[in-house]
1. Between the alpha-carbon centers of the stretch 324-377 and the stretch 189-249, tell me the distance in whole angstrom.
2. At a Förster radius of 51 Å, what calculated FRET efficiency corresponds to the Cβ-Cβ distance of residue 182 and residue 393, to the nearest 0.05?
3. I need the calculated FRET efficiency for the pair residue 455 and residue 348, taking r as the beta carbon distance and R₀ as 22 Å, to the nearest 0.05.
4. Could you pull out the trypsin sites (Lys or Arg not before Pro) across the stretch 11-110 that fall in loop regions by DSSP (anything but H, G, I, E, B) with no more than 16 other Cβ atoms inside 10 Å?
5. Compute all pairwise cysteine Cβ distances in the chain, then list the cysteines with no distance under 4.7 Å to another cysteine.
6. Across 5 Å bins from the origin, how do the percents of Cα pairs in the stretch 391-499 run, short distances first?
7. Please list, by residue number, every one of the chymotrypsin sites (Phe, Trp or Tyr not before Pro) in the stretch 42-79 that is coil in DSSP and has at most 10 other beta-carbon atoms within 10 Å.
8. With +1 on each Lys and Arg Cβ and -1 on each Asp and Glu Cβ, and nothing else charged, work out how big the dipole of the chain is about its Cα centre, in Debye to the nearest 20.
Amino acid sequence: MMARVFAIFLALISMSVACKFESSSFNITGIVCRMTKPAALVLNQQTAQIIQVAFRHATYPDISGEKSMMFLGKVAYGLTNIQINDLSIENSEVDFKEDDAIDIAIQNVTASFKGTLSYGYTGAWYVKLTHAIDFEIESSIDLQINAKLTCAKGRVAADTSDCYLTFHKLTLHLQGDKQPGWLKQLFTDFISFTLKLILKSQVCKEINFLAQLLADFIQDRAENFLQDGAIGVDISLTSFPVIKANYMESHHKGLLLYKNYSVVFNDSMFVPSLLSESRMLYFWFSDHVLNSLALAAFLDERLVLTITGEELREMFEMEDTDAHQGIVQEIFQGTSYNDSLAKVWSLTPPQIILQPEGTIVKSSVAVELSIFPPGAEPTVVLYFEKEVTVTIQPAYIEKKLVLHLADSVIEPKAFKCALARRGEDKSLRHFLQKIISVAGIPEVISRIEPALTSLMNSKGLNLFEIKNPEIITREGYLIIQLDFGFPHHLLVDFLKKTL
Ligand code: 0SF
């Protein structure tokens with residue numbers, strides 16, 4: 001009893017040291033992940049594999065003892081070199097117990113163990129194990145694991161210490177037929193008790209170890225997924241993970257990790273009713289998270305792109321009218337498109353505003369057009385700055401990020417032109433405005449789409465079997481909801497890599 005109280009006390013102390021949360025944790029939550037019952041049912045298809053690994057990886061220590069037997073005096077016995085032989089698992093079921101645990105019931109694990117049984121008769125002051133025979137133990141076991149989600153060092157941790165084994169069968173087979181009959185009796189009456197205790201403690205210990213490994217693996221992969229170069233996201237928990245009747249949920253800070261920058265926010269608006277329970281997975285992102293990532297991309301000088309002469313030709317040809325041909329000729333001064341280049345970059349961190357109609361991105365953008373006439377000095381023929389506001393509807397289709405341009409507004413800012421006569425020319429400005437909206441903005445978006453897709457694929461997103469993903473924007477937040485099929489090979493890879 002005292003030991004139990006002490007253990008609970010220790011657990012409480014270590015928990016509170018590990019994760020300190022603000023009282024109103026929703027306020028500092030930037031990302032929420034919700035995994036529902038349908039997801040648990042799909043993941044449960046992998047439970048048998050994990051339990052198999054737990055049985056095979058567990059170590060089974062030797063068992064030895066001494067017993068006074070009627071007519072025989074003292075008998076010493078030992079079960080050594082216990083190895084698991086055959087193993088099969090019939091079925092497993094999963095259920096969420098509100099505010100408590102994920103209950104996993106595994107029915108009918110049949111396992112056979114092999115080893116050596118030694119026994120001997122002992123004298124008054126010394127023991128002699130003289131006989132050794134090979135044994136096989138056939139067992140049939142039900143397993144009940146009540147997995148709790150906790151927090152350790154700010155991370156999701158799994159606690160499966162509430163783990164039980166129910167034995168339906170535990171029979172000993174001895175090799176040869178010359179062994180004494182009392183051995184089986186000794187096993188049934190005494191050794192099996194110790195064996196059950198050992199199997200329980202070793203298998204449950206291994207399951208706890210694997211569960212923790214899996215939780216760490218998910219956290220590491222998630223951190224890696226949200227990181228590129230010097231830019232990362234702090235996904236420390238802002239509260240203990242919750243388990244409800246139909247879902248489990250974790251709340252994360254979602255703060256930018258970039259050099260010494262720290263962006264703080266404390267007006268997050270997450271409430272559980274924003275997410276429903278019918279899709280398998282929900283990810284909720286506050287617009288602060290997207291804004292700080294946009295800021296980091298800007299600070300990291302990633303919002304720069306060059307447009308080659310060939311691409312410029314295609315863009316200009318989109319607005320190929322007689323009126324415009326004169327302007328184009330004047331800009332390029334007879335230089336071929338091949339000897340020109342445009343550079344486009346953000347002058348200010350893009351501001352992201354999430355709205356039901358889409359993701360509104362505002363940024364001041366500079367464009368510089370240079371020509372490289374053969375045998376002459378390179379010249380900047382045009383330089384202008386615009387305040388660009390675009391409305392993007394994001395989607396993920398056939399493993400590609402699609403950024404549908406729903407609207408764009410371009411406001412002029414600065415304008416410099418090497419062509420003196422054209423400096424104040426309204427028709428040139430009008431032409432450029434047209435080119436930017438018809439070709440420039442779509443060109444920039446068509447560069448961002450594959451860049452982000454391949455960034456996500458480099459983190460392994462394409463390995464997941466994502467079904468019908470939806471990206472929903474609302475005022476101040478964004479929801480990604482999806483179903484998935486769990487590729488069995490991912491678990492096999494994980495187990496191979498980590499064990
Ligand atoms: C990449 C998704 C993500 C994970 C985060 C934080 C933000 C984001 Cl966007 O961190 C963690 C850490 C620990 N557990 C979770 N997320 N869970 C969410 C989750 C669901 C499905 C897959 C997944 C993570 O990870 C991954 C890979 F990154 F490893 F497989 F995609 C689980 C947690 C719960 F359910 F246990 F409470 O919500």
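1. Here the answer is 50 Å between Cα centres.
2. Values: r = 79 Å, r/R0 = 1.55.
FRET efficiency, residue 182 to residue 393: 0.05.
3. Working: r = 23 Å, r/R0 = 1.03.
Working from the Cβ atoms, E equals 0.45.
4. On the way: sites: 20, 34, 56, 67, 74, 97; in loops: 20.
Qualifying residues, ordered by number: 20.
5. Lacking a cysteine Cβ partner under 4.7 Å: 33, 417.
6. Result returned by the calculation: 2, 9, 14, 14, 13, 11, 9, 8, 6, 5, 3, 2, 2, 1, 0.
7. Values: sites: 55, 71, 77; in loops: 71.
Here the chymotrypsin sites (Phe, Trp or Tyr not before Pro) that fit, given the DSSP loop and packing criteria, are 71.
8. Values: 44 positive and 57 negative charges, 369 e Å.
Charge dipole of the chain: 1780 debye, to the nearest 20.
Coordinate-derived values only; no laboratory data. Only a predicted model underlies this, so the values are computations on that prediction, with no experimental measurement involved. Because the Cβ atoms are built from the backbone with ideal geometry, glycine has one as well, and the counts that use them run over all protein chains shown.
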